[in-house]
Amino acid sequence: DSGVTQTPKHLITATGQRVTLRCSPRSGDLSVYWYQQSLDQGLQFLIQYYNGEERAKGNILERFSAQQFPDLHSELNLSSLELGDSALYFCASSALDSPYEQYFGPGTRLTVT
Amino acid sequence: DAKTTQPNSMESNEEEPVHLPCNHSTISGTDYIHWYRQLPSQGPEYVIHGLTSNVNNRMASLAIAEDRKSSTLILHRATLRDAAVYYCILSLMDSNYQLIWGAGTKLIIKP
């Protein structure tokens, strides 16, 4: 158990809908990272937050947004969903403003029908 | 983008050492080398990272070539629980050291 929790575990929704994925980092970790893992793309870095502020952006679509709250939990919002957004979404956390040692949650499997 | 090249899959016998190779010929002087692994149906798990010198921790050893164009992850005594996809990853100074993931090596452990 990495100490990172993600909810929900599974999510099935229709195209055009909006969903919110939630992540609670390890106790004391200030950095949160979001990743997307699909069969054809592998693991793709989406976005990083450090202590409530956006720190780095990767291949995140404009339809996706994220935020980190004062209690350090984070939410990833996916809107206008398309079939291609079906994937595993992982959240990871680290203690510092550094990606060197990240702890990953179990993931949320999103299926868009 | 700096990229890593790994074998698609490798097999090893239980309780024997495993050497997982990785090529990163375009690495620059400030890029770190990381290894993560992903067990079936789980999120990735940090294994080890380094810059220039060889590194050891409780999970594995990382041997980095002198020119840094390749590295090897060494599992000293593989168990069935080590069966996973192993990712060799670079973090680039130019991208705020975010991890650039490749396809990984699927390690199969034979009992």
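Could you tell me the calculated FRET efficiency between A:ASN77 and B:THR26, based on Cβ-Cβ distance and R0 = 30 angstrom, to the nearest 0.05?
Plugging the Cβ-Cβ distance into 1/(1 + (r/R0)^6) gives 0.25.
Provide the convex hull volume over Cα atoms per residue for chain B, in Å³.
92 Å³
Taking a probe of 1.4 Å, how large is the accessible area per residue of chain A, in Å²?
Per residue, chain A has 48 Å² of solvent-accessible surface.
Compute, for A:THR5, the solvent-accessible surface of its heavy atoms (probe 1.4 Å) with the complete set of protein chains present, and express it in square angstrom to the nearest 10.
Estimated to the nearest 10 Å², A:THR5 gives 80 Å².
Pop out a list of residues from the stretch B:3-33 that are at least 20 Å² less accessible with all the protein chains around than in their chain alone; 1.4 Å probe, no ligands or nucleic acids counted.
B:TYR32
Considering just Cα atoms, how many Å³ per residue does the convex hull of chain A enclose?
Spelled out: Cα convex hull of chain A, divided by residues, is 90 Å³.
Could you put A:ASP1, B:ASP67 in order of accessible surface area, largest first, with the 1.4 Å probe and the full protein assembly present?
Largest accessible area first, the list is A:ASP1, B:ASP67.
Ignoring ligands, DNA and RNA, please state the percent of accessible area on chain B from carbon and sulfur, probe 1.4 Å.
In chain B, the share of accessible area belonging to carbon and sulfur is 48 percent.
Give me the percent of the accessible area of chain A that comes from carbon and sulfur atoms, probe 1.4 Å, all protein chains in place.
About 47 percent, which is the carbon plus sulfur part of the accessible surface.
With a cut-off of 8 Å between alpha carbons and a minimum separation of six or more residues, what is the relative contact order of chain A in percent?
RCO, chain A: 37 percent.
How high is the relative contact order of chain B, in percent, with contacts defined as C-alpha pairs under 8 Å that are six or more residues apart?
So the answer I get is 37 percent.
Can you tell me the dipole magnitude for chain B around its Cα centre, using point charges on the Cβ only (Lys, Arg +1; Asp, Glu -1), in Debye to the nearest 20?
Its charge dipole is roughly 140 debye.
What does the buried accessible surface come to for A and B, summed over both chains, with the probe at 1.4 Å? Round to 100 Å².
1400 Å²
Might you tell me the accessible area per residue for chain B, computed with a 1.4 Å probe and given in Å²?
Value for chain B: 51 Å² per residue.
Using a 1.4 Å probe on protein heavy atoms, which residues of the stretch B:42-60 have at least 20 Å² less accessible area in the complex than alone?
Correct list: B:GLY43, B:PRO44, B:TYR46, B:HIS49.
Could I have the simple spin-label model distance between A:ARG18 and A:LEU39, label points 7 Å from Cα toward Cβ, reported in nm to one decimal?
3.0 nm
Heads up, I need the accessible area for A:LEU30: 1.4 angstrom probe, whole protein in place, Å², nearest 10.
50 Å²
Which residue fluctuates the most in chain B, going by a Gaussian network model with Cα springs under 10 Å, if the choices are B:LEU39, B:LEU62, B:LEU20?
B:LEU39
Charges at C-beta only: +1 for Lys and Arg, -1 for Asp and Glu. How large is the resulting dipole of chain A about its Cα centre, in Debye rounded to 20?
260 debye
Semi-axes of the equivalent ellipsoid of the protein assembly as shown: what are they in whole Å, largest first, if each equals the square root of 5 times a C-alpha gyration tensor eigenvalue?
30, 20, 16
Quick check: Cα centre of the stretch A:50-113 to Cα centre of the stretch A:14-36, how many Å?
Rounded to whole Å, the Cα centres lie 4 Å apart.
Show me, bin by bin at 10 Å from 0, the whole-percent P(r) of the stretch B:14-77 based on Cα pairs.
With a bin width of 10 Å, the distribution comes to 21, 51, 25, 3.
The values are calculated or read from the model by the stated rules, or taken from the named source; none is laboratory data. Fair warning: this is a prediction, and the values are worked out from it, not measured in the lab. Virtual Cβ from ideal backbone geometry, glycine too; neighbours counted across all protein chains shown. Keep in mind that these areas ignore ligands, DNA and RNA; they rest on the heavy atoms of the full protein, side chains included. Shrake-Rupley method; radii C 1.70, N 1.55, O 1.52, S 1.80 Å.
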